[in-house]
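The values are calculated or read from the model by the stated rules, or taken from the named source; none is laboratory data. Keep in mind that what you see is a predicted model, and the values were worked out from it rather than measured. FYI the Cβ positions are ideal-geometry reconstructions off the backbone, even for glycines, and counts take in every protein chain you see.
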Amino acid sequence: MNEAQNQHYSPVSKLLHWSIALFVIIQIPLGVYMVTLSNEDIWYYRCLDLHQLIGVSLLMLVAASILWRFVTPTPKALPTITRIQNAAAKTTHVTLSLILLIQPLLGYLFVTAWGDPLEIYAILKIPAITELNKDTSEKVIDIHAYLAYTLATLGAIHVIASLKHHYIHKNLILKRMLPRNKN
Ligand code: HEM
């Protein structure tokens, strides 16, 4: 594989990255809005259906992106990037992926806490694996909220860092993830 090929992400990596970014940008405000609604409001359940659908889609997209990383080469670190910057970026990416894997599972545990299956429109029905008491289910949904705010903070750091690379350091970090860019 030559240098030029090593400098950009594959179309599949780009598609996965931007789909995950788009879903996260919708999912967090949707969750924050949803919890302002009363449990008697029909819009609470409409938002919850969409939130669950996006959450399960995110789980599948993130799992696919992790598997994809094992089968396709990722671009090399740029020579101008220090070891510390590289380690910080890797830690942020791994933490973002872990949160995105854990969040849907916590949501699932909360929704199925009383033994009911998770039902998403007529598309998907996943039975409960366990029942939780009220205290535990409240802890689960509290962790879900904390992780969502951690995700939003790390996501913002990730965006600011890539913009800094693009506009201040003028390197390829952002460009090589853009849809139409080959280099
Ligand atoms: C990566 C995926 C997900 C993200 C980023 C996310 C994010 C959020 C956020 C920001 C909130 C509002 C927290 C608050 O301010 O209290 C929330 C609430 C909630 N989420 Fe998620 N969520 C995800 C996946 C899921 C999934 C897959 C489910 C269900 C299967 C789910 C079920 C819930 C429920 C039931 C609530 C509200 C509980 C209540 O009414 O208090 N979430 N989520």
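For the stretch 120-146, what are the residues that are near the ligand (Cβ under 9 Å from one of its atoms), within 20 Å of the chain's Cα centre (by Cα) and within 16 Å of residue 52 (Cα to Cα)?
Answer for the stretch 120-146, where residues must be near the ligand (Cβ under 9 Å from one of its atoms), within 20 Å of the chain's Cα centre (by Cα) and within 16 Å of residue 52 (Cα to Cα): 120, 141, 144, 145.
Would you be able to say whether some residue in the stretch 170-181 is on the phi < 0 side of the Ramachandran plot, in a helix (DSSP H, G or I) and β-branched (Val, Ile, Thr)? Explain how you work it out, then say what you get.
Just the residues of the stretch 170-181 that are on the phi < 0 side of the Ramachandran plot, to begin with: 171-181.
Retained after the next criterion (residues that are in a helix (DSSP H, G or I)): 175-177.
Still in the running and β-branched (Val, Ile, Thr): none.
No: the stretch 170-181 contains no residue that is on the phi < 0 side of the Ramachandran plot, in a helix (DSSP H, G or I) and β-branched (Val, Ile, Thr).
Residues are listed down the side, and each one gets a yes or a no for (1) of a type in the set (A, V, I, L, M, F, W, C); (2) at pLDDT 95 or above; (3) assigned to a helix (DSSP H, G or I):
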position	(1), (2), (3)
1	yes, no, no
12	yes, yes, yes
21	yes, yes, yes
39	no, no, no
48	yes, yes, yes
56	yes, yes, yes
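Could you count how many residues in the stretch 98-119 are under 17 Å from residue 132 (Cα atoms) and more than 10 Å from the ligand (Cβ to nearest atom)?
Residues meeting the conditions: 4.
How many residues, within the stretch 4-44, are within 10 Å of the ligand (Cβ to nearest atom), surrounded by 13 or more Cβ atoms within 10 Å (Cβ to Cβ) and among the polar types (S, T, N, Q)?
Total satisfying the criteria: 1.
Any residue at all in the stretch 83-94 that's over 22 Å from the mean Cα position of the chain (by Cα), more than 8 Å from the ligand (Cβ to nearest atom) and farther than 22 Å from residue 139 by Cα?
Within the stretch 83-94, one or more residues are over 22 Å from the mean Cα position of the chain (by Cα), more than 8 Å from the ligand (Cβ to nearest atom) and farther than 22 Å from residue 139 by Cα.
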